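To start, the structure itself, in structure tokens.
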């Protein structure tokens, strides 16, 4: 007969081995403990099995995503090409308007598919973010310059100073995240306003802030803006598919950082991007 | 999955003319993995609420459910053990044990429970909170921000159901506060940890997924997940 203490010790070891994945049945006899071991092993095997199935499903999802991104590229490029060829013909105004519309929608579809593929790749971990210590100044400059053409169209000034500030981040993806936020600010800012990019260093985190002079985000909208396909009430006719901020948050959180937002109708909206140092 | 829920939670201090209703009919629910901020001015009842969420104080009436368990149905001793296993606390005053070094403070609640230490997880938590190089220091050899990071590590190390933080940056300057909160937020994200934090600071509350507003013992806003 085992004493109670011995049995509990044995059970504890079974659990420990189960957690570390080294559990084996000790001996086979008619005791309750031996039966328990068998059932414990069966439970462990089935949970291992379901973990493997999840892994397999993930693999299939990855394939599907890469198929979609590859297989839609050519037809989309062709639609654009043919509509451009069509545009070169002698067309009446009405037809020309329709051709332009086809082009606009095709470009939008291309952008949407690209964004969705990015989101899906980030979510399933196909593209790993590879954060490394670097200078944030160059990323800020690059993102600001990328947003410049659209800002100039609305005579918006983007202020930034290329100060040195270090953080641990993936420069390509962080630039994308930052650009999405700046681009968003440009879209929702009035003409001739100012967007200010600044950096603030803390002991363990570095914060990049993007402040605009837009009309702000309503309190109801605030928790929703990082959702997929969410577009605010006053998004109106702004181009976009509602994935920019979602993607930005995925990217930043994937690197051990986070984003917060403060919004008031008067000074406008400020996004803070915190990255680990 | 709802991990924390209250039903008509009421706390009355004193009797007769000196009676104070600190909290009245408070109902809230928190989903697994959420980062919640409870905001209110001092005297609004937010500390009373947090103390009852953590089983530190019994309500006059009403219930608190943690992982579907009505915690006040437990006897005092069972409640103490429940608290040690399921709730991680982070206080304004850090409350580290002065004679234990960083590592010992972090694993202390696990040892109290007589459990073996998941070294890999604890090591990861210590590293995530930037404490790797400070493991052998005693609390008095650490700055305020560092001490609070140790307290956060201690709260996370036993993998509790909920971490309750009571003005975690109340004793820290604003720059250090930002760092400590950032780490709380990021480690919460990383480990899918449910966190409920009280603060009177609106800017700090902005970091949370959801803000619950409390005034004069009443929950004004944000009590429900979908509200």
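Does a label point 7 Å from the Cα of residue B:97, set along Cα-to-beta-carbon, have any residues of region B:111-129 with amide nitrogen under 19 Å, and which are they? The answer is B:111-119, B:122-123, B:126. Once the Cα-Cα distance is subtracted from the 0.36 nm per residue extended length, the residue A:146 to residue A:132 segment shows a gain of 2.8 nm.
The angle separating the long axis of helix A:4-20 from the principal Cα axis of greatest extent in chain A is about 30 degrees.
For region A:1-120, the Stokes-Einstein estimate of translational diffusion at 4 °C and a viscosity of 1.567 mPa s comes to 64 µm²/s, using the Kirkwood hydrodynamic radius over alpha-carbon pairs.
Quick one: go through region A:144-161 and flag any residue whose amide nitrogen is under 14 Å from the point 7 Å out along the Cα-to-Cβ line of residue A:191. Within reach of a label on residue A:191: A:151-157. Under the rule a/c < 1.5 gives rounded, and otherwise a/b versus b/c splits prolate from oblate, where does chain B land using the Cα gyration tensor? The shape class here is prolate.
Within the listed set B:168, B:160, B:98, the Gaussian network model of chain B (springs between alpha-carbon atoms below 10 Å) gives the highest mean-square fluctuation for B:98.
Sorted ascending by nearby beta carbons within 10 Å, beginning with the fewest, B:198, B:38, A:102, A:225 become A:102, A:225, B:198, B:38.
Every helix of 4 or more DSSP H residues in chain A counts as -39500 (n - 2.57), and over all residues that averages to -19500 deg cm²/dmol at 222 nm.
Between B:197, B:52, B:207, the Gaussian network model of chain B with springs among Cα atoms under 10 angstrom shows the greatest mean-square fluctuation at B:207. Sorted ascending by nearby beta carbons within 10 Å, beginning with the fewest, A:82, A:188 become A:82, A:188. When the Gaussian network model of chain B links Cα atoms closer than 10 Å, the mean-square fluctuations of B:174, B:158, B:182 top out at B:174. Per residue, the average separation of C-alpha pairs within less than 8 Å and at least 6 apart gives region B:1-60 a relative contact order of 35 percent. For Cα pairs less than 8 Å apart in space and 6+ apart in sequence, what is the mean separation divided by the residue count of region A:132-276, i.e. the relative contact order in percent? Taking the mean separation of contacting Cα pairs over the length of region A:132-276, I get 25 percent. Name the residues of region A:117-135 whose amide N is less than 20 Å from a point 7 angstrom out from the Cα of residue A:62 along the C-beta direction? What the label zone holds, given the 20 Å backbone N cut-off, is A:117-131.
Counts of other chain beta carbons within 10 angstrom of each beta carbon in peptide A:251-262 average 3. Cβ-to-Cβ counts within 10 Å put A:251, A:181 in ascending order as A:251, A:181, the fewest first. When only alpha carbons are used to place a centre, region A:64-103 and region B:31-51 end up 55 Å from one another.
Just so you know, all these numbers are worked out from the coordinates, no wet-lab data involved. The structure presented is a predicted model; accordingly, all values stated were derived computationally and were not measured. Glycine gets a Cβ as well: all are built from the backbone with ideal geometry, and neighbour counts include every protein chain shown.
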